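The values are calculated or read from the model by the stated rules, or taken from the named source; none is laboratory data. In this text the structure is predicted, and so the values were computed from the model without any measurement. Backbone-built Cβ (ideal geometry, glycine too); neighbour counts: all protein chains shown. Heads up: the accessible areas ignore ligands, DNA and RNA and are worked out on the full protein's heavy atoms, side chains in. Shrake-Rupley method; radii C 1.70, N 1.55, O 1.52, S 1.80 Å.
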Amino acid sequence: MASVALMFFLALANRANAQVDLLSDLFSQMDPSLGQVLQNNFDSLNNAGNLNQNADNELFDQLNDHLLNDIPPGNFDANFQSELGSGLDTLLFHLPGLNLPTGDQDVLLSDIDWINNILNNNSDSLAGLFGQYNDSLYFDPSWDVTIIDSDDLNEEGNQFLADSINMAFDLSNPDGLGNFGSISDQLFDFNLFHDIELAFGTQDANLSYWGYNYSKRSKVFRIGSVPRFDKKVFNNNGRTPIFPVEARWHAEVSWFSGSDNTPSDTNPDAGIGRAFNPLLLFGDYSLMATPIIGQLGNTTFRLITSLGTEFGTYAPAHQDFRRPYTSNNKGYATGIGAQAGSGFAFSTGRLTVYSIATFAKGQTQKSAKTYPYSHVRYEVGMRYGNLINVRYSSGSSSWQTGGNRTAEVKNQFTVGIILAELHH
């Protein structure tokens with residue numbers, strides 16, 4: 001019995017180390033200067049773990065309102081799939097210009113084809129998933145939870161995660177892009193991420209580009225892990241994490257079709273008739289400390305503290321002919337930064353409900369001048385068993401000073417199907 005327990009604890013320890021190893025591999029994709037900037041960003045996020053989460057109750061109310069309907073916003077249909085296919089064609093067209101090593105291009109192409117086949121094979125299930133399980137997701141608790149001394153517990157969790165981040169930096173070798181195959185294998189490794197989802201939905205956003213303000217309703221596609229919030233503290237011969245740790249990752253893209261209805265003094269031909277006009281892209285990888293803070297009957301409550309890294313992209317290629325220097329604007333302003341977050345989760349039976357607020361601070365890449373990047377997101381979600389995961393979020397992002405390239409996501413709603421096939 002003792003040997004079985006030892007093997008179990010060692011397996012958990014190896015999994016925790018593997019999560020840090022993956023983070024170090026991601027850091028290694030950066031050049032030395034970006035790696036140093038990112039380290040500085042982490043040092044400046046000391047108080048970001050105590051984000052104000054007053055928006056959570058409103059988000060939960062809005063999510064519950066959606067759950068009262070059988071059909072979610074942005075129903076997954078043939079038109080959605082067709083537009084997403086046009087987006088993949090656009091990516092494939094631009095792939096040679098990303099300057100990826102040939103081997104990494106092959107891995108990316110193989111993964112895109114693999115994911116697309118899985119999506120096509122499960123499209124009917126995904127389309128009917130929400131109507132099948134929305135009643136199981138709805139909840140209206142009669143209790144109110146107050147977390148005592150959460151600031152102290154957040155601070156302890158953040159310090160533990162900061163030590164893990166520093167370890168990942170020590171293990172990394174920032175040398176630019178390469179070895180994407182190893183990263184892909186880890187992202188889709190069952191031992192690291194038990195549950196991965198393909199998700200669809202809608203996004204309503206207010207955007208601003210050098211004084212031009214406009215709004216867009218777009219469609220969203222997401223792929224990423226779905227946390228279980230079930231990890232336990234383990235003891236590895238006295239060298240233990242005092243917190244249960246779980247990693248999470250995701251990548252998402254939003255787009256609209258047809259004409260780009262931005263102000264009339266932008267390029268009138270940009271995007272007209274196109275089935276896929278990219279709008280916003282985001283992705284992250286974070287480690288989460290998720291200690292249990294109490295139980296009520298069969299309901300378990302956890303506090304969430306997270307630390308990791310993210311990217312965010314403002315994609316439209318605006319061209320204002322009153323400013324000639326924008327005539328070759330290709331869009332795709334991307335920011336990379338350090339990310340910190342905090343929240344809570346509770347599990348009861350097959351239902352897990354979670355809320356997390358994240359703040360990212362970094363730098364816009366490959367721009368003529370050095371601009372700061374920032375992103376705040378408030379997200380609530382519910383998963384039911386290993387079947388479905390829904391998320392509702394809002395947030396704001398900035399890629400330049402003076403409000404010259406910003407996006408405010410008023411609301412985003414996605415429905416995800418958790419699939420065992422999404423493992424290498």
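Numbers at a glance
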| item | result |
| --- | --- |
| Counted residues, the stretch 189-205 - those being out of contact with any strand residue (DSSP E or B) (no Cβ under 7 Å at 6 or more places or on another chain) and among the β-branched types (Val, Ile, Thr) | 0 |
| Residue within the stretch 318-325 that is at pLDDT 90 or above, surrounded by 20 or more Cβ atoms within 10 Å (Cβ to Cβ) and not polar (S, T, N, Q) present | no |
| Residue match in the stretch 278-288 (condition: modelled with pLDDT under 95, aromatic (Phe, Trp, Tyr) and either part of a strand (DSSP E or B) or under 30 Å from GLN36 (Cβ atoms) (or both)) | no |
| Qualifying residues in the stretch 369-408 (those that are in a loop (DSSP other than H, G, I, E, B) and in contact (Cβ under 8 Å) with a residue 12 or more places away in the chain) - the one most open to solvent (accessible area, probe 1.4 Å) | ASN386 |
| Yes/no for LYS366 being of a type in the set (Lys, Arg), assigned to a loop (DSSP other than H, G, I, E, B), open to solvent by 50 Å² or more (accessible area, probe 1.4 Å) and within 25 Å of LYS216 (Cβ to Cβ) | yes |
| Residue check for ASN166: under 22 Å from the mean Cα position of the chain (by Cα), surrounded by fewer than 16 Cβ atoms within 10 Å (Cβ to Cβ) and without any contact (Cβ under 8 Å) to a residue 12 or more places away in the chain | yes |
| Checklist (1) outside any loop (DSSP other than H, G, I, E, B); (2) under 23 Å from the mean Cα position of the chain (by Cα); (3) within 30 Å of THR300 (Cα to Cα) applied to ASP189, failing item | (1) |
| Among (1) modelled with pLDDT under 85; (2) in contact with a Phe, Trp or Tyr (Cβ under 9 Å, 6 or more places away or on another chain); (3) open to solvent by 70 Å² or more (accessible area, probe 1.4 Å); (4) not polar (S, T, N, Q) - the single one PRO96 does not satisfy | (2) |
| Matching residues in the stretch 245-260 - criterion: being surrounded by 18 or more Cβ atoms within 10 Å (Cβ to Cβ) and modelled with pLDDT of 90 or more | VAL245, GLU246, ALA247, ARG248, TRP249, HIS250, GLU252, VAL253, SER254, TRP255, PHE256 |
| Qualifying positions in the stretch 142-186 - outside any loop (DSSP other than H, G, I, E, B), polar (S, T, N, Q) and either at pLDDT below 90 or more than 30 Å from TRP114 (Cα to Cα) (or both) | SER150, ASN154, ASN158, GLN159, SER164, ASN166 |
| Residue match in the stretch 228-239 (condition: assigned to a loop (DSSP other than H, G, I, E, B), on the phi > 0 side of the Ramachandran plot and in contact with a strand residue (DSSP E or B) (Cβ under 6 Å, 6 or more places away or on another chain)) | yes |
